[in-house]
Amino acid sequence: MIPFLLALLSVCAFGADRRIAVIAHRGEHLSHPENTLEAFQAAIDAGADFFELDVRTSADGKLVLMHDATVDRMTDGKGEIARMSFDAIRKLSVHGSRVPTFEEALHLARGKIGVYVDCKKIAPGDLVSALEQARMTAHVLIYGNSGFLKEVSALRPELKVMPEAGSPAQLATLLDSMKLKVVAFDARDFLDPVIDLAKKAGLDIYVDRLGPADNEAGWQDAIGRGAAGIQTDHPAALAAYLKSKALH
């Protein structure tokens, strides 16, 4: 009963208009190949607010979507993306689909859903240029290492950059060196001292609830501790759960 009451009080404290964003990890990838247009469309259909994608750069400078540094796990080919041409990558099959470009994913998202960009290997200027051309600068969260994000912010200060929170000391350093509106957490750093510092700084808290915590108990724990967004492998279920709590 006590955990339930605490959760209820936390919701009330944030007010009836609190809304928590649903982030579909690599799109809706349990029924569709991850990081594909099909997975992203399924995330839109599931009611997600963002789909998360992973961006890398081919040998000839094309921005493509793949979590791993190689194509080995997800396609019928082998090779390191950074050493492959776009044409070679595009010919591969991803379980019946193909490797999309970043631009294609942004085009699909525009006007329908936000994009959580995990920057695996991409130049800051190329990222900003792609977002500007797609008219998506106001509809993205940009995740990456702090040095990269500082370069992105220097190019377009209004972009929402989102570093990993890390420890209280790491977050304090980030706050001193960057103008942040949002910060990312995962299972390792979603700890009360770090969360408290983020709250005091007025940051939105976006947390991964992947793996063992990706269920109603894990989602409710994130809600009770102040999450503004939850990344999940089950976007439809999370959206339904949040709607049942009047949080989506």
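The values are calculated or read from the model by the stated rules, or taken from the named source; none is laboratory data. For clarity, every value in this text was computed on a predicted model and none was experimentally measured. Glycine gets a Cβ as well: all are built from the backbone with ideal geometry, and neighbour counts include every protein chain shown.
Quick look at the numbers
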quantity	calculated
Members of the range 38-55 that are in contact with a Phe, Trp or Tyr (Cβ under 7 Å, 6 or more places away or on another chain) and either among the small types (Gly, Ala, Ser) or farther than 21 Å from THR137 by Cβ (or both)	ALA43
Positions within the range 122-176 being farther than 29 Å from ALA187 by Cα, among the basic types (Lys, Arg) and in contact with a Lys or Arg (Cβ under 8 Å, 6 or more places away or on another chain), in sequence order	ARG135
Residue match in the range 108-116 (condition: of a type in the set (D, E, K, R) and in a loop (DSSP other than H, G, I, E, B))	yes
Test: LEU238 is in contact with a helix residue (DSSP H, G or I) (Cβ under 7 Å, 6 or more places away or on another chain) and either surrounded by 16 or more Cβ atoms within 10 Å (Cβ to Cβ) or within 30 Å of PHE102 (Cα to Cα) (or both)	yes
Filter pass, VAL161 being in a strand (DSSP E or B) and either β-branched (Val, Ile, Thr) or farther than 27 Å from THR137 by Cβ (or both)	yes
The lone exception for ILE113 - which of (1) surrounded by 15 or more Cβ atoms within 10 Å (Cβ to Cβ); (2) farther than 20 Å from GLN41 by Cα it fails	(2)
Residue list for the range 179-207, filter: at pLDDT 95 or above, surrounded by 14 or more Cβ atoms within 10 Å (Cβ to Cβ) and small (Gly, Ala, Ser)	ALA184, ALA198, ALA201
Of the criteria (1) in a loop (DSSP other than H, G, I, E, B); (2) free of Cβ contacts under 8 Å to residues at least 40 places away in the same chain; (3) closer than 30 Å to HIS107 by Cα, which one LYS121 fails	(2)
ALA222 under 17 Å from the mean Cα position of the chain (by Cα), more than 24 Å from ILE122 (Cβ to Cβ), not aromatic (Phe, Trp, Tyr) and not in a helix (DSSP H, G or I)	no
